[in-house]
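A.B. asks: Here it is, the structure, as structure tokens.
The values are calculated or read from the model by the stated rules, or taken from the named source; none is laboratory data. What you are looking at is a predicted structure, and each value in this text was computed from that prediction instead of being measured. Cβ placement follows ideal geometry from the backbone for every residue including glycine, while neighbour counts extend to all protein chains displayed.
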Amino acid sequence: MAGQFVRLAIKLAAATIICVHNHPSGVPTPSSEDIELTKRLAEAGTIVGIDVLVHVIVGKDRFCSMKEQGFF
């Protein structure tokens, strides 16, 4: 999945990627899958020169910035 996002970013000549998704449970704590995908996106982006600016998880009345939390 990370590769698909990076290919699209290249096709669109993007300089950065901003990722946002929600957790229907309302708890914005990153799952292990969220962490792994974000790390893969950041690594792939580094290789092709496209920065992952931020990955935000939205919950009920709260959010989590994975970059601010140090996940990448």
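A.B. asks: Within segment 24-59, take every residue that is out of contact with any strand residue (DSSP E or B) (no Cβ under 7 Å at 6 or more places or on another chain) and among the β-branched types (Val, Ile, Thr) and give me the one that is nearest to Phe71 (Cα to Cα).
C.D. replies: Ile35
A.B. asks: Do we find that Ala9 is touching a Gly at 6+ places or on another chain (Cβ under 9 Å), buried (at least 17 other Cβ atoms within 10 Å of the Cβ), among the small types (Gly, Ala, Ser) and not in a strand (DSSP E or B) in this structure?
C.D. replies: On the way: touching a Gly at 6+ places or on another chain (Cβ under 9 Å): yes; buried (at least 17 other Cβ atoms within 10 Å of the Cβ): yes; among the small types (Gly, Ala, Ser): yes; not in a strand (DSSP E or B): yes.
When the stated conditions are applied, Ala9 passes them.
Listed here are the residues, each with its yes/no results for (1) within 11 Å of the chain's Cα centre (by Cα); (2) at pLDDT 95 or above; (3) of a type outside the set (A, V, I, L, M, F, W, C).
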| position | (1), (2), (3) |
| --- | --- |
| Ile17 | yes, no, no |
| Val20 | yes, yes, no |
| His23 | no, yes, yes |
| Leu41 | yes, no, no |
| Ile47 | no, no, no |
| Asp51 | yes, no, yes |
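A.B. asks: Here is a further query. Against the condition surrounded by 11 or more Cβ atoms within 10 Å (Cβ to Cβ) and touching a Cys at 6+ places or on another chain (Cβ under 7 Å), how does Ile17 come out, does it pass?
C.D. replies: Details: surrounded by 11 or more Cβ atoms within 10 Å (Cβ to Cβ): yes; touching a Cys at 6+ places or on another chain (Cβ under 7 Å): no.
No.
A.B. asks: Would you check which residues across segment 32-50 are exposed (fewer than 14 other Cβ atoms within 10 Å of the Cβ) and either touching a Leu at 6+ places or on another chain (Cβ under 9 Å) or over 14 Å from Met1 (Cβ atoms) (or both) and list them?
C.D. replies: Here is the first cut: in segment 32-50, the ones exposed (fewer than 14 other Cβ atoms within 10 Å of the Cβ) are 32-33, 36, 43, 46-49.
If the condition is that a residue be exposed (fewer than 14 other Cβ atoms within 10 Å of the Cβ) and either touching a Leu at 6+ places or on another chain (Cβ under 9 Å) or over 14 Å from Met1 (Cβ atoms) (or both), then Ser32, Thr46, Ile47, Val48, Gly49 are the ones that fit.
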